[in-house]
Amino acid sequence: MKRIGMLTSGGDCQALNAAMRGVVKSLLYSKEEVEIYGFLEGYKGLIYGNFKMLTGVDFAGILTKGGTILGSSRTPFKTIREPDENGLDKVEAMKQNYYKLRLDVLVILGGNGTHKTANLLREEGLNIITLPKTIDNDLWGTDMTFGFQSAVDIATECIDCIHTTAASHGRIFIVEVMGHKVGYLTLNAGMAGGADIILIPEIPYDIDKVIEAIERRHKNGSQFTIIAVAEGAISKEDAALSKKDYKKKLENSKYPSVSYEIAAQIQERTGQEVRVTVPGHTQRGGSPCPYDRVFASRLGAEAGELILAGEYGFMVGYKNREIVKVPLEDVAGKLKMLEPDASIIKEAKLLGISFGD
Ligand code: F6P
């Protein structure tokens with residue numbers, strides 16, 4: 001008999017349900033007797049003992065369902081050691097609930113912040129297995145996270161739609177893509193959507209170079225330009241600022257995001273109309289794409305195997321086309337960023353895509 005706790009934490013993404021279903025299906029298929037406790041709204045559920053008991057039926061028909069059947073929330077790692085507003089020790093409360101339910105393992109699905117807390121719980125003596133979710137694909141220790149490919153599809157579709165209207169009107173369009181502090185999503189959606197300029201956090205841009213790229217296109221007879229801008233894109237000048245000064249600049253900025261600042265600069269310098277489109281949270285929504293359904297199911301099944309073998313303290317990840325187990329202490333607290341000299345960037349440049357550098 002295995003008593004399994006499960007929770008989904010942080011920003012949601014596609015295929016969270018597919019991954020949980022994978023874990024449960026593989027355990028049920030093994031004929032091991034299992035009891036499943038689903039904690040609601042991420043770590044909050046574990047802290048406050050808010051859970052429901054689940055059976056195989058709860059996981060039926062959810063392979064294609066977006067969001068998470070357990071709900072999610074952000075519980076910042078930075079303040080995890082601080083008592084809550086009623087003086088409750090959150091870490092102690094999570095441990096108590098784990099022990100009260102006599103859990104064998106806690107399966108945690110999440111991204112960067114989630115993994116810091118998961119590793120802390122491991123250090124505190126709990127048995128933990130994690131699964132890598134995030135549309136940002138910025139988790140250390142895995143080449144791929146589930147949710148990413150589905151988000152690439154949505155952001156690409158957005159760029160595709162913008163393409164036709166941009167062409168009709170001969171306009172410059174900026175599509176702002178999510179991805180937090182990394183550029184995987186923007187780079188992939190930008191290339192898939194045929195963007196002319198792609199701005200990502202890993203390659204600080206020079207606005208002069210961006211304008212040069214637009215003018216080059218115009219000289220070559222193209223009336224419109226599509227710019228895919230990562231929400232975390234940063235100019236060369238801003239990248240040279242201290243963290244504190246950059247934060248201050250953002251707080252005092254009149255622009256809602258970097259895309260609007262770039263749009264204003266281009267408009268002022270070229271006299272051409274610039275429009276900004278922000279697909280925002282649509283990128284995290286809806287049904288997972290087939291790739292993510294398969295990928296998340298595979299990760300879930302492998303997590304089931306680890307549970308049956310009693311091997312804990314790992315994230316189930318993906319390296320060099322193989323599903324692998326990565327020690328949690330290696331994952332926690334590290335950000336996976338694009339290398340500016342990665343071959344995909346070189347190839348994008350060979351295609352004539354400008355990175356504003
Ligand atoms: O980490 C996933 C993500 O969607 C990022 O791409 C984005 O910056 C952030 O979450 C948005 O967070 P929230 O849903 O809290 O606004």
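The values are calculated or read from the model by the stated rules, or taken from the named source; none is laboratory data. Model, not experiment: these values are computed from the prediction. Glycine gets a Cβ as well: all are built from the backbone with ideal geometry, and neighbour counts include every protein chain shown. These accessible areas exclude ligands, DNA and RNA; they are computed on the full protein's heavy atoms, side chains included. Shrake-Rupley method; radii C 1.70, N 1.55, O 1.52, S 1.80 Å.
Each residue was assigned an accessible area with a 1.4 Å probe, and for L101 the value is about 30 Å². Ranking of R298, R81 by solvent-accessible surface, largest first: R81, R298 (1.4 Å probe, protein heavy atoms only, all chains present).
Of A296, A240, A118, the residue with the greatest mean-square motion in the GNM of the chain, using alpha carbon springs below 10 Å, is A240.
Computed with a 1.4 Å probe over protein heavy atoms only, the accessible surface of segment 151-284 comes to 47 Å² per residue. Here each label is just a point 7 Å from Cα along the line to Cβ, and for Q265 and D330 those points are 3.9 nm apart.
Set against the 2.2 N^0.38 Å expectation for a compact globular protein, segment 23-143 has a Cα radius of gyration ratio of 1.09.
Ligands, DNA and RNA excluded, the heavy atoms of M178 present near 30 Å² of accessible surface to a 1.4 Å solvent probe. For K2, nonlocal amide neighbours, meaning residues 5 or more places apart or on other chains whose placed amide H falls under 5 Å from its own, are E33, V34, E35.
Shown are T282, T225, whose ranking by accessible area with a 1.4 Å probe and every protein chain present, most to least, is T282, T225. Within the shell defined by Cβ-Cβ distances under 10 Å, the residues around Q14 carry a net charge of +1, with Lys and Arg each +1 and Asp and Glu each -1. The largest accessible area among F148, F314 belongs to the first residue in F314, F148, and the rest follow in falling order (1.4 Å probe, all chains). Helix content alone sets the calculated 222 nm mean residue ellipticity of the chain: runs of n ≥ 4 DSSP H residues at -39500 (n - 2.57) each, divided across all residues, give -12500 deg cm²/dmol. From most to least packed by mean Cβ count within 10 Å, the peptides 185-192, 299-306 give 185-192, 299-306. Dipole magnitude for the chain: about 400 debye, using +1 per Lys or Arg Cβ and -1 per Asp or Glu Cβ, origin at the Cα centre. 3J(HN,Hα) along segment 100-110, derived from phi through the Karplus expression 6.51 cos²θ - 1.76 cosθ + 1.60 where θ = phi - 60°, amounts to 4, 8, 6, 6, 8, 7, 10, 9, 10, 10, x Hz, with x in place of Gly and Pro. Residue-wise HN-Hα couplings along segment 26-31, as the Karplus relation 6.51 cos²θ - 1.76 cosθ + 1.60 with θ = phi - 60° gives them from phi, are 5, 5, 5, 5, 6, 6 Hz; Gly and Pro carry x.
Here the accessible area is traced with a 1.4 Å probe on the protein chains. For segment 102-193, carbon and sulfur cover 45 percent of it. Report for segment 7-161 the percent antiparallel among DSSP-assigned beta bridges with both residues inside it, nearest 5. Bridges in segment 7-161 are about 35 percent antiparallel. Taking amide H as placed 1.01 Å from N in the peptide plane, the amide H of E273 sits under 5 Å from that of I172, each at least 5 places away or on another chain. Surface calculation, 1.4 Å probe, protein heavy atoms: H169 sits at approximately 110 Å² accessible.
Of the residues Q272, Q149, Q283, the one that moves most in a GNM of the chain with alpha-carbon contacts below 10 Å is Q272. From the residues V182, I200, V91, which one has its Cα farthest along the dipole of the chain in the positive direction, the dipole being from +1 and -1 charges on Cβ of Lys/Arg and Asp/Glu about the Cα centre? My answer, from the dipole projection, is V91. The 3J(HN,Hα) values that the Karplus relation (6.51, -1.76, 1.60; θ = phi - 60°) gives for segment 301-318 are, in residue order, 5, 5, 5, x, 4, 4, 4, 4, 7, x, 9, 10, x, 10, 9, 8, x, 9 Hz. Gly and Pro appear as x. The packing ranking, built from the mean of other Cβ atoms within 10 Å per residue, places the peptides 126-138, 208-220 in the order 126-138, 208-220, highest first. Considering only beta bridges that DSSP places wholly inside the chain, some 25 percent are antiparallel.
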